[in-house]
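Enquirer: Structure provided below as structure tokens; questions to follow.
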Amino acid sequence: MAEVMRPEKLEISNDVTSSLASQELLHVLAVDDSIVDRKFIERLLRVSSCKVTLVDSATRALQYLGLDGENSTVGFEDLKINLIMTDYSMPGMTGYELLKKIKESSAFREIPVVIMSSENILPRIDRCLEEGAEDFLLKPVKLADVKRLRDSLMKAEEKAFNNIMLHKRELEANDIYSQLKRAKI
């Protein structure tokens, strides 16, 4: 029986300039059965100013997310994942199967999932994208790929934040209007 590894966490304390209110680093869950590939993707993500959690299998990723039917390794309220990057070919459960389970989850379906593979098999790529993968990257993953993903995520997070703030201002304006109307000013 394979030994279950604890997720490796690496928190980077670089200053990231962004208009996001939380000023938090993007948190990426990286899933790969190859320690060499895990360390390589960790390095690329670190250089791109991301917080990284590494796991060695799709099953371990589900455990980390609390989607295995048992307790999560972290409290759900503390779990803020912005992106999941997973290898396609892994023993036990493939990255495609992990993608399907994540997209079936009401709690995590909105998290972008990127599939990585050293095999350029078009039907496989199409199937992953049709199932909801954000992207499909050929290994070795390049720093430009990671930076493009990070920039895209940052823009999406910023847009979501701006939409929330706009909605909040609209609600406040409506509330002020209602108060003035009641006061007949």
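Enquirer: Within segment 78-87, can you find the residues that are over 12 Å from Val52 (Cα atoms) and either open to solvent by less than 20 Å² (accessible area, probe 1.4 Å) or outside any loop (DSSP other than H, G, I, E, B) (or both)?
Expert: Asp78, Thr86, Asp87
Enquirer: Of the residues Asp15, Asp33, Asp56, which single one is surrounded by fewer than 20 Cβ atoms within 10 Å (Cβ to Cβ), among the acidic types (Asp, Glu) and at pLDDT 50 or above?
Expert: The match here is Asp33.
Enquirer: Still on this structure, please answer the following. Being touching a Lys or Arg at 6+ places or on another chain (Cβ under 6 Å) and not polar (S, T, N, Q) is the filter here, so list the residues in segment 85-130 that pass it.
Expert: Matches in segment 85-130: Lys103, Arg109, Met116.
Enquirer: Can you name the residue in segment 88-112 that is closer than 19 Å to Lys139 by Cβ and among the hydroxyl-bearing types (Ser, Thr, Tyr) and, of all such residues, is surrounded by the fewest Cβ atoms within 10 Å (Cβ to Cβ)?
Expert: Among those that are closer than 19 Å to Lys139 by Cβ and among the hydroxyl-bearing types (Ser, Thr, Tyr), it is Ser89.
Enquirer: Another one. Being under 22 Å from His27 (Cβ atoms), in contact with a helix residue (DSSP H, G or I) (Cβ under 8 Å, 6 or more places away or on another chain) and of a type outside the set (Gly, Ala, Ser) is the requirement here; does Pro112 meet it?
Expert: Yes: the conditions hold for Pro112.
Enquirer: So which of Asn174, Asn120 is on the phi < 0 side of the Ramachandran plot, outside any helix (DSSP H, G or I) and loosely packed, with under 12 Cβ neighbours inside 10 Å?
Expert: Of Asn174, Asn120, the one residue that is on the phi < 0 side of the Ramachandran plot, outside any helix (DSSP H, G or I) and loosely packed, with under 12 Cβ neighbours inside 10 Å is Asn120.
Enquirer: Out of curiosity, is Leu166 aliphatic (A, V, I, L, M), assigned to a helix (DSSP H, G or I) and within 21 Å of His27 (Cα to Cα)?
Expert: Considered against the rule, which asks whether it is aliphatic (A, V, I, L, M), assigned to a helix (DSSP H, G or I) and within 21 Å of His27 (Cα to Cα), Leu166 comes out as no.
Enquirer: So, one more: Any residue in segment 137-145 that is charged (D, E, K, R), touching a residue at least 12 places away in the same chain (Cβ under 8 Å), surrounded by 15 or more Cβ atoms within 10 Å (Cβ to Cβ) and not in a helix (DSSP H, G or I)?
Expert: yes
Enquirer: State whether one or more residues within segment 64-72 are within 20 Å of Glu134 (Cα to Cα), among the aliphatic types (A, V, I, L, M) and modelled with pLDDT of 95 or more.
Expert: Checking segment 64-72: not a single residue is within 20 Å of Glu134 (Cα to Cα), among the aliphatic types (A, V, I, L, M) and modelled with pLDDT of 95 or more.
Enquirer: Within segment 126-136, identify whether any single residue is touching a residue at least 60 places away in the same chain (Cβ under 8 Å) and either more than 15 Å from the chain's Cα centre (by Cα) or crowded, with 18+ Cβ neighbours inside 10 Å (or both), and answer yes or no.
Expert: No: segment 126-136 contains no residue that is touching a residue at least 60 places away in the same chain (Cβ under 8 Å) and either more than 15 Å from the chain's Cα centre (by Cα) or crowded, with 18+ Cβ neighbours inside 10 Å (or both).
The values are calculated or read from the model by the stated rules, or taken from the named source; none is laboratory data. All of these numbers come straight from a predicted model, not from anything done at the bench. When we count neighbours, we look across all protein chains shown, and the Cβ atoms used for this are built from the backbone with ideal geometry, even at glycine. We work out accessible area using only protein heavy atoms, side chains counted, and drop any ligands, DNA or RNA first. Shrake-Rupley method; radii C 1.70, N 1.55, O 1.52, S 1.80 Å.
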